[in-house]
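The values are calculated or read from the model by the stated rules, or taken from the named source; none is laboratory data. Keep in mind the model is a prediction, meaning the values are calculated, not measured. Here the Cβ positions follow ideal geometry from the backbone for every residue, glycine too, while neighbour counts run over all protein chains shown. Keep in mind that these areas ignore ligands, DNA and RNA; they rest on the heavy atoms of the full protein, side chains included. Shrake-Rupley method; radii C 1.70, N 1.55, O 1.52, S 1.80 Å.
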Amino acid sequence: MRFTRAIVRAPCATFADGLTSGHLGKPDLPKALQQHAVYCATLERCGLTLTRLPPDDEFPDSTFVEDPAVLTDNLAILTRPGAPSRRGEVEGIAAALAPFYSHAARIESPATLDGGDICQAENHFFIGLSARTNAEGARQLAEILASAGFTSSIVDLRDSPTVLHLKTGMSYLADGRIVAMQEIAAHAAFEEYEVIRVVPSESYAANLLCVNDCVILADGFPQIAASVRERGYAVIPLNMSEFRKMDGSLSCLSLRF
Ligand code: CIR
């Protein structure tokens, strides 16, 4: 999968009021802004042209632009986020996508679905069922994807409440390879893939971002960084400390297409 563009939105003044499991303390906004700037520069270094949306104080979690949409190069799907406080983020993303997609499909009530629960692996999509994405959301998305020629499979995370989204726990690297945290590594949906396991002490790094020829990885997780490098990928480590405090990780900060 090659990408040419991404949409990003810097964290807003109310960032610390967003949703979080809250065990790592309050984020520092200036530091978050600095980490976001490095993240954006890294996407550019990987060949992406960015659309930078202005910070939106009305929605504390709005820097996590991945959740209100699911994109492929010719298909845009606007989601219905599982957290009611995040539903209003969708219209801003719809407007940002309008110049690039002539039509966007929509996930409709009573379905809920967060982009963080959706992982594309070439022509296949893994759809996580979680506290944010319900069965009806998964059904609607699978139907839209099937009509565009994509296959999909479900990964039920509802017995793993510490995993916020599917991509909190796994990522598609490239070349038929998946990176996954222990809890979900043996899932039947991943049977045909090479699964690179992330040790429990490095679980946060299971969310990585493969952008063209680069693999962007959270900094400070040497074992998974070595496993990825060993397979021949160029790794770029990024400090994600302030986003992690708000349960966010690398993929959440951009919509790539
Ligand atoms: C939330 O709980 O919705 C945000 N604080 C974090 C969202 C992270 N997004 C993602 O993993 N795609």
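Points to keep in mind about this one:
- Shape of the stretch 126-257, Cα gyration tensor, a/c cut at 1.5: prolate
- The DSSP beta bridges internal to the stretch 118-232 are antiparallel in roughly 50% of cases.
- Rounded to 5, the percent of DSSP beta bridges in the chain classed as antiparallel: 45
- The Cβ shell under 12 Å around V8 holds other residues with a net charge of +2, Lys and Arg each +1, Asp and Glu each -1.
- Residues in the stretch 102-244 average 43 Å² of solvent-accessible surface per residue, probe 1.4 Å, ligands and nucleic acids excluded.
- Equivalent ellipsoid semi-axes - Cα gyration tensor, the stretch 1-52, angstrom: 26, 11, 10
- In percent, rounded to a whole number, the relative contact order of the stretch 10-98 is 30, using alpha-carbon pairs under 8 Å and six or more apart.
- Förster-model FRET efficiency, 22 Å R0, E143 and N74, C-beta, rounded to 0.05: 0.80
- Hydrodynamic radius (Kirkwood) for the chain, which is based on Cα pairs only, to one decimal in Å: 18.0
- Computed E for E230/S109 - FRET, C-beta separation, R0 51 angstrom, nearest 0.05: 0.65
- Remark: relative contact order (the chain) = 22 percent; criterion is Cα-Cα distance under 8 angstrom and separation of 6 or more residues.
- Global form of the stretch 75-181, assessed from the alpha-carbon gyration tensor, a/c cut-off 1.5: oblate
- Hypothetical label at T14: residues of the stretch 73-109 whose amide nitrogen lies under 13 Å (7 Å Cα-Cβ projection): 85-89
- The residue among V163, V228, L255 whose Cα reaches farthest toward the positive pole of the charge dipole of the stretch 155-257, with charges on the beta-carbon of Lys, Arg, Asp and Glu, is L255.
- Centroid-to-centroid separation of the stretch 172-240 and the stretch 81-109 [C-alpha atoms, Å]: 29
- Contour minus Cα-Cα distance for S21 and N123 (0.36 nm per residue): 33.4 nm
- Here the chain has 51 percent of its accessible surface on carbon and sulfur atoms, given a 1.4 Å probe and all protein chains in place.
- Shape of the stretch 1-94, Cα gyration tensor, a/c cut at 1.5: oblate
- Highest-first arrangement of 80-87, 108-115, 205-212, where packing means the average Cβ count within 10 Å: 205-212, 108-115, 80-87
- Label zone at M1, where the point sits 7 Å out along the Cα-to-Cβ direction: the stretch 237-254 residues whose backbone N lies under 15 Å: 250-254
- Highest average first, the peptides 33-40, 187-194 ordered by how many other beta carbon atoms sit within 10 Å of their residues are 33-40, 187-194.
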